[in-house]
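Trainee: This is the structure, below, for whatever I ask next.
Just so it is clear, none of the values below were taken in a lab; they were calculated from the coordinates. A quick note: this is a predicted structure, and the numbers were derived from the prediction, not measured. Glycine gets a Cβ as well: all are built from the backbone with ideal geometry, and neighbour counts include every protein chain shown.
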Amino acid sequence: MTPDEFRTHGHALIDWIAEYLEGVEQYPVASQVQPGDIRAALPEHPPLAPEPFTEVLADLDRVVMPGITHWQHPSFFAYFPGNSSYPAILGELAAAGLGVQGMSWVTSPACTEVETLMMDWMQELLGLPARFRSTSATGGGVIHGSASEATLASILAARWRVTGGAINSLGDTSHLVAYATSQAHSSIEKGLRIAGIGASQLRVVPHDRSFAMRADEFARMVADDRAAGLTPFWVCCTRGTTSSMAFDPVAEVGAIAQREGLWLHADAAMSGIAALAPEHRWVNDGLELADSYCTNPHKWMGVNFDCDLFYTADRAALLGALSILPEYLRSAAAESGAAIDYRDWQIPLGRRFRALKLWFTIRAGGATDAVAMIRRHVAATQQLAEWVAADGRFEIVAPHPLNLLCLRLKAGNEATDALIVAANETGRALFTRTVLDGVVACRVSVGARSTELQHVRAGWELLQQLAG
Ligand SMILES: *Cc1c(COP(=O)(O)O)cnc(C)c1O
């Protein structure tokens with residue numbers, strides 16, 4: 001492809017993206033294809049000669065679009081928000097255009113320095129504790145690809161700290177014990193497993209009726225484990241669980257964790273971004289004793305995947321766990337201590353210039369736009385809760401302080417399951433099922449950038465109709 005052809009096709013692709021996003025409502029929300037359909041629409045073997053790029057782009061419509069579930073659709077109420085916005089898309093494109101590897105400061109200084117500043121901007125915008133700032137004595141932040149990576153990094157830092165900085169031998173991890181509720185994200189158990197801490201070393205702390213961790217039970221379990229000669233080392237408080245958006249009491253748990261010497265990780269992947277709006281800043285309350293924290297602009301801030309903000313108040317432990325210095329990566333800048341090498345803050349070596357999409361988004365007014373969107377989503381969810389409460393066939397099964405409502409049919413689990421299947425089959429909306437202490441619920445997650453009250457109303461009317 002020549003530079004001129006790149007210009008032509010690039011402009012065409014930008015037009016295609018804009019038309020897609022402006023017209024996304026016309027599609028069924030979920031892809032209707034069966035497994036194998038997309039592959040079957042393409043040649044089994046790679047082309048032997050170059051094809052005209054217009055044909056490649058045409059296949060986006062012909063082959064790819066039927067296999068897309070439309071996360072940007074205003075009636076996408078499934079999983080969690082995964083929204084994008086125009087400045088973020090352009091930031092992504094600019095990062096691809098530069099094609100830099102940001103593993104060290106010296107491999108592209110701007111990649112590191114813009115990222116560090118964005119982490120500090122976000123610390124301010126989210127009202128996070130000052131000890132997470134890169135300018136603080138012991139903390140700092142980094143952009144990870146996902147909250148799952150952030151959780152794993154947190155576990156590894158905690159393991160390093162509790163095993164006395166062992167790297168030659170990782171020490172005996174068989175006595176280490178971690179804590180979370182059954183409502184915590186699956187990435188917690190997975191991260192522990194990767195770190196050599198088996199499922200039998202993960203304590204499931206009981207939750208209360210609002211699905212939040214019981215701090216008294218946590219304290220009791222830590223005491224029991226100590227009495228049994230084990231080493232409690234890591235606890236995860238979720239601020240907005242994926243299943244029902246429960247908020248673990250992070251300040252109370254933090255006090256216990258500090259007294260007992262555990263690393264406290266706060267997982268706010270889905271809901272932490274709500275703190276952009278001052279009235280929702282409570283989502284990040286109580287973090288003063290957290291050792292690490294993560295939230296995802298790639299969920300609810302219009303910054304497309306991948307962009308997870310990972311902060312720690314103990315960067316020495318993180319760097320202790322993850323630093324490694326082969327000869328070919330030595331640099332005077334890093335050795336002087338004046339520059340950050342983010343490869344030491346993450347699992348992979350290579351890293352993309354992800355900060356560009358966050359920088360573009362914030363500078364183009366995206367933080368203010370996100371606040372307006374968050375308020376619209378929260379208001380629509382609260383309105384939905386009123387509608388649901390007024391229909392005797394339905395009930396709400398969990399607290400709903402923000403943009404997620406879990407509802408069910410009083411007729412029971414089977415009826416609720418059938419309702420979710422029937423609603424999703426229409427293609428007019430998409431909901432996700434969950435189970436809360438044995439009760440099947442339909443999750444209504446209001447989080448697409450294009451979602452307005454009218455879409456929530458239409459989704460609700462669909463559920464009402466199908467409920468018979
Ligand atoms: C979505 C979610 C995650 C996982 O996020 P990824 O960035 O996809 O890894 C972790 N924790 C919670 C609470 C979530 O909602």
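Trainee: Ranked by Cβ crowding within 10 angstrom, fewest neighbours first, how are 386, 279 ordered?
Mentor: The order, fewest Cβ neighbours first, is 386, 279.
Trainee: Using θ = phi - 60° and the Karplus relation 6.51 cos²θ - 1.76 cosθ + 1.60, list the HN-Hα couplings for segment 371-376 in order, rounded to whole Hz, with x at every Gly or Pro.
Mentor: Values per residue, Gly and Pro as x: 4, 4, 5, 4, 5, 5 Hz.
Trainee: Multiply the residue separation of residue 57 and residue 395 by 0.36 nm, subtract the distance between their alpha-carbon atoms, and state the gained length in nm to one decimal.
Mentor: Taking residue 57 through residue 395 to full extension adds about 117.0 nm, to one decimal.
Trainee: Dipole size in debye (nearest 20) for the chain around its Cα centre, Lys and Arg Cβ +1, Asp and Glu Cβ -1?
Mentor: 760 debye
Trainee: How much net charge surrounds residue 264 when only other residues with a Cβ under 15 Å from its Cβ are counted (Lys, Arg +1; Asp, Glu -1)?
Mentor: -2
Trainee: Roughly how far apart, in whole Å, are the Cα centres of segment 71-87 and segment 174-193?
Mentor: 29 Å
Trainee: For residue 231, which sequence-distant residues (separation of 5 or more, or a different chain) have an amide H within less than 5 Å of its own amide H, given hydrogens modelled in the peptide plane?
Mentor: Placed amide hydrogens put 176, 177 under 5 Å from residue 231.
Trainee: Follow-up question, since we're still on this one. What do you get for Rg/Rh over the chain if you use C-alpha atoms and the Kirkwood form of Rh?
Mentor: That ratio is 0.98, to two decimals.
Trainee: Classify segment 356-468 as rounded, prolate or oblate from the Cα gyration tensor: take a ≥ b ≥ c as the square roots of its eigenvalues, call it rounded if a/c is under 1.5, otherwise prolate when a/b beats b/c and oblate if not.
Mentor: Prolate, since a/c reaches 1.5 and a/b exceeds b/c.
Trainee: Multiplying the sequence separation of residue 316 and residue 216 by 0.36 nm and subtracting their Cα-Cα distance, what value in nm do you get?
Mentor: Taking 0.36 nm per residue and subtracting the Cα distance, the gain is 32.9 nm.
Trainee: For the chain, what is the relative contact order in percent, using Cα pairs closer than 8 Å and at least 6 residues apart in sequence?
Mentor: 22 percent
Trainee: Given H placed 1.01 Å from N in the peptide plane, which residues other than close sequence neighbours of residue 429 have an amide H under 5 Å from its amide H?
Mentor: Distant-sequence amide H within range of residue 429: 29.
Trainee: Across 10 Å bins from 0, what is the distribution of all Cα-Cα pair distances for segment 109-263, in whole percents?
Mentor: All Cα pairs, binned at 10 Å, distribute as 10, 35, 37, 16, 2, 0 percent.
Trainee: What is the distance in Å between the Cα centres of segment 1-47 and segment 136-166?
Mentor: 38 Å
Trainee: So what's the Cα pair-distance distribution over segment 100-363, bin width 5 Å, in %?
Mentor: All Cα pairs considered, the percentages come to 1, 6, 14, 18, 20, 17, 12, 7, 4, 1, 0, 0.
Trainee: Next question. Applying 1/(1 + (r/R0)^6) with R0 = 25 Å to the Cβ-Cβ distance of residue 226 and residue 439, what FRET efficiency is obtained, to the nearest 0.05?
Mentor: 0.10
Trainee: Next question, about the same structure. Report, please, the projected area of segment 348-402 averaged over directions, based on the convex hull of its C-alpha atoms, in nm².
Mentor: Quarter of the Cα hull surface area: 6.4 nm².
Trainee: Still on this model: Starting from the Kirkwood radius over alpha-carbon pairs of segment 3-80, derive D by Stokes-Einstein at 4 °C in a medium of 1.567 mPa s and give it in µm² s⁻¹.
Mentor: Value of D from the Cα-based Kirkwood radius: 89 µm²/s.
Trainee: Starting with the highest mean, order 188-201, 332-345 by the number of other Cβ atoms within 10 Å, averaged over the residues of each peptide.
Mentor: 188-201, 332-345
Trainee: Post the alpha-carbon centroid distance, segment 384-463 to segment 292-318, in whole angstrom.
Mentor: 29 Å
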